[in-house]
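The values are calculated or read from the model by the stated rules, or taken from the named source; none is laboratory data. Predicted model, so just to flag it, every value in this text is computed and none were measured. Cβ sites come from the backbone with ideal geometry, for glycine too, and all protein chains shown count toward neighbours.
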Amino acid sequence: MVEMSWHGSDDVAAPLGRAFHSKRLKLLSSQVGQVSPSRRPRWSHRRRLAAALELLAADPRLDALIDVEIPFGEAPALLPERLAPGADGLGVVLTYP
């Protein structure tokens, strides 16, 4: 799983139960805004995006996590229902023209 959201200053609960340890699951994060000033010369926005896309392309099983694609222009109308508590589905992808 690659978690790419920003939660501001809020704490986020991430319970890591038995399966996390026994199955040696991995949790990666991706900074989509800016990285620390010391890393910016090496990790441009373009390089970070390329690295994230490479990780996603490396395992076709991840495609099963995406159940709907929403055009970016329709996001304000369609996302509230898709992201509401109890909504069906695993993942939403915004597509760009």
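From the list E69, E74, E54, which residue is at pLDDT 85 or above, under 16 Å from L28 (Cβ atoms) and not small (G, A, S)?
E54
Could you list, in sequence order, all residues of the range 23-74 that are within 18 Å of T95 (Cα to Cα) and touching a strand residue (DSSP E or B) at 6+ places or on another chain (Cβ under 6 Å)?
I66, V68, E69, I70, P71, F72
Can you name the residue in the range 23-34 that is at pLDDT 75 or above and loosely packed, with under 10 Cβ neighbours inside 10 Å and, of all such residues, is nearest to the chain's Cα centre (by Cα)?
K26
Since P41 meets every condition but one in (1) modelled with pLDDT of 80 or more; (2) surrounded by 11 or more Cβ atoms within 10 Å (Cβ to Cβ), which condition does it not meet?
The one condition P41 does not meet is (2).
For the range 3-22, state whether one or more residues are more than 25 Å from L94 (Cα to Cα), modelled with pLDDT of 85 or more and not hydrophobic (A, V, I, L, M, F, W, C).
Scanning the range 3-22, I find at least one residue that is more than 25 Å from L94 (Cα to Cα), modelled with pLDDT of 85 or more and not hydrophobic (A, V, I, L, M, F, W, C), so the answer is yes.
Out of the residues in the range 48-62 that are small (G, A, S) and outside any loop (DSSP other than H, G, I, E, B), state the one that is surrounded by the most Cβ atoms within 10 Å (Cβ to Cβ).
My answer is A52.
Among residues belonging to the range 77-94 that are among the hydrophobic types (A, V, I, L, M, F, W, C) and exposed (fewer than 10 other Cβ atoms within 10 Å of the Cβ), point out the one that is farthest from L27 (Cα to Cα).
Looking at the filtered set, the residue picked out is A77.
Restricting the first residue to the range 72-97 and requiring it to be touching a residue at least 24 places away in the same chain (Cβ under 8 Å), which pairs with a second residue that is in a loop (DSSP other than H, G, I, E, B) and of a type in the set (A, V, I, L, M, F, W, C) meet a Cβ separation below 7 Å and a spacing of at least six or different chains?
Filtered contacts from the range 72-97: G91/I66; V93/I66.
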